[in-house]
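Q: Dumping the structure here so I can ask a few things about it.
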Amino acid sequence: MKISVPENNNKALFIINPTAGVQPVNFIVSKDLDRRKNELSLCKSLSKTNTGTIVRQSFDKHDVFIAAGGDGTVHSVAVELVGTNKIFGVLPLGSGNGFAKEFGFKMNVRSLLSDIRRGESVDIDVIEINDKLCLNVAGIGLDSFVAHSFSNLKLRGFLPYVWLTFKTFLQLRPFHVTISCEGEEIVSEKLFVLTIANTRQFGNNAFIAPEAKPNDGIIDLVLIKPFPKIFGPVFVIRLFTKRINKSKYVRHIQTNKEIVIQTEETRFHIDGEPLEISGKVVVKIKKEVLKVLKTSRNKLLFNS
């Protein structure tokens with residue numbers, strides 16, 4: 001089915017997910033975007049497939065594409081722009097907004113339009129996991145189990161996510177993982193969490209990989225070993241104070257090489273979106289393949 005997309009290529013195209021985040025907030029932002037149609041182009045999407053189609057059909061008409069939604073919308077727009085000269089930005093409307101927080105994107109349309117007019121961008125890495133692309137973080141364990149459960153939850157927002165995370169943590173059981181790099185086994189043990197990180201945080205300023213940088217050509221692996229659950233509050237504090245890597249139960253591995261992950265656990269997530277992956281998982285880094293809009297708040301994050 002042909003989707004009607006804006007024709008004006010002098011404006012950034014905002015692709016909005018009208019079901020993302022908390023609906024009253026989403027409604028207000030949508031009205032603000034509607035009022036600014038002389039400054040931007042706007043298209044609404046109701047599915048991941050729909051989002052990808054919109055980007056492809058609009059590709060030659062716009063130089064800047066803005067994902068207005070949560071991490072799922074961010075992922076769906078960005079993967080269509082990897083390896084191109086188009087600039088990607090975010091108007092965060094989701095529950096976690098991990099990618100948006102890392103790059104200084106705020107829920108402020110006027111400020112974002114000012115950044116767009118400035119037209120500066122930075123090239124960042126993307127992680128390839130089998131045939132999937134990851135902008136932010138992916139993995140197996142507590143966060144992926146929560147992502148699978150959260151996708152079936154009718155309620156959205158920060159509080160339902162916290163409640164679901166606590167419930168999942170109490171039921172958490174370790175899983176065995178084997179990790180190899182260039183044919184050499186470097187890990188074979190049971191874990192609570194295995195995170196593959198391109199940036200520092202899950203979202204909501206929960207920093208799982210405090211040393212990760214999205215333009216260094218490095219894959220960051222964070223391994224959390226089973227620990228007494230009474231220490232759960234301590235881990236939460238460390239997570240939000242960028243000190244998770246200081247725990248004796250946490251191992252941090254950095255590499256620019258291809259790695260292979262093998263585990264019987266199939267419940268993965270990529271950028272917060274749940275998916276099932278069976279068999280061998282091959283992880284690679286694709287260096288500086290996505291142009292991200294520079295905001296007035298993220299210029300200090302990069303030297304370039």
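Q: Given the DSSP H assignment, sum -39500 (n - 2.57) over each helix run of at least 4 residues in the chain and divide by its residue total; what's the result at 222 nm in deg cm²/dmol, nearest 500?
A: -7500 deg cm²/dmol
Q: I want to check the label-to-label distance for PHE59 and SER149. Put each point 7 Å from Cα in the C-beta direction and report it in nm to one decimal.
A: Placing both labels 7 Å beyond Cα along the Cβ direction yields 4.0 nm.
Q: Right, here's the next one. Under 10 Å, Cα contacts only: if you run a Gaussian network model on the chain, which one of ASN215, ASN85, ASN26 comes out with the highest mean-square fluctuation?
A: ASN85
Q: Can you list the lysines whose alpha carbon is less than 20 Å from that of LYS248, not counting same-chain residues fewer than 8 positions off?
A: The reachable lysines, counting only those whose Cα sits under 20 Å from LYS248, are LYS190, LYS225, LYS229.
Q: Can you tell which of VAL122, VAL162, VAL79 shows the greatest fluctuation in a Gaussian network model of the chain with Cα springs below 10 Å?
A: Of the options given, VAL162 has the highest mean-square fluctuation.
Q: Go ahead and run the numbers for FRET between SER247 and ASP131, Cβ-Cβ distance against an R0 of 30 Å, rounding to 0.05.
A: 0.35
Q: Continuing with this model, one more query. Calculate how steeply helix 109-118 sits against the longest principal axis of the alpha-carbon atoms of the chain, using the helix alpha-carbon long axis, and give the answer as 0 to 90 degrees to the nearest 10.
A: 80 degrees
Q: What is segment 187-303 by shape, rounded, prolate or oblate, if you read a ≥ b ≥ c off the alpha carbon gyration tensor as root eigenvalues and call it rounded for a/c under 1.5, prolate for a/b larger than b/c, and oblate otherwise?
A: oblate
Q: Using the Karplus curve 6.51 cos²θ - 1.76 cosθ + 1.60 with θ = phi - 60°, work out ³J(HN,Hα) for each residue of segment 179-189 in order, rounded to whole Hz, and write x for Gly and Pro.
A: My calculation for segment 179-189 gives 10, 10, 10, 6, x, 9, 6, 10, 9, 8, 6 Hz in order.
Q: Continuing with the same structure: Quick one: go through segment 175-190 and flag any residue whose amide nitrogen is under 11 Å from the point 7 Å out along the Cα-to-Cβ line of LYS280.
A: 183
Q: Under the Karplus relation 6.51 cos²θ - 1.76 cosθ + 1.60, θ = phi - 60°, what is the ordered set of whole-Hz ³J(HN,Hα) values for segment 119-130, x standing for Gly and Pro?
A: The phi angles translate into x, 8, 9, 10, 8, 10, 7, 9, 9, 9, 10, 6 Hz.
Q: Further, regarding this structure: What FRET efficiency comes out for the pair SER180/ASN85, r = Cβ-Cβ distance, R0 = 41 Å, nearest 0.05?
A: In this case the efficiency is close to 0.70.
Q: Rounded to whole Hz and in sequence order, give me ³J(HN,Hα) for segment 73-88 from the Karplus expression 6.51 cos²θ - 1.76 cosθ + 1.60, θ = phi - 60°, writing x for Gly and Pro.
A: In residue order, the calculated couplings are 5, 4, 4, 4, 6, 4, 4, 6, 9, 4, x, 10, 9, 7, 9, 10 Hz.
Q: Could you tell me the relative contact order of segment 132-286? Use alpha-carbon pairs under 8 Å, at least six residues apart, and round to a whole percent.
A: 30 percent
Q: May I ask for the angle, rounded to the nearest 10°, between helix 48-58 and the longest principal axis of the chain, with both axes built from Cα atoms and the value confined to 0 to 90°?
A: For 48-58 against the chain, the angle is about 40 degrees.
Q: A further question on this structure: Which entries of LYS106/LYS291; LYS213/LYS257; LYS213/LYS291; LYS101/LYS167 show an alpha-carbon separation above 21 angstrom in the structure shown?
A: Over 21 Å Cα-Cα: LYS101/LYS167.
Q: Also, I was wondering about something else. Among LEU275, LEU293, LEU13, which one moves the most in a GNM of the chain with springs linking Cα atoms closer than 10 Å?
A: It is LEU275.
Quick note: the coordinates plus some simple rules give every number you see, no bench work behind them. Given the structure is predicted, the values throughout are model-derived calculations rather than measurements. Counting neighbours? That spans all protein chains shown, and the Cβs are built from the backbone with ideal geometry, glycine included.
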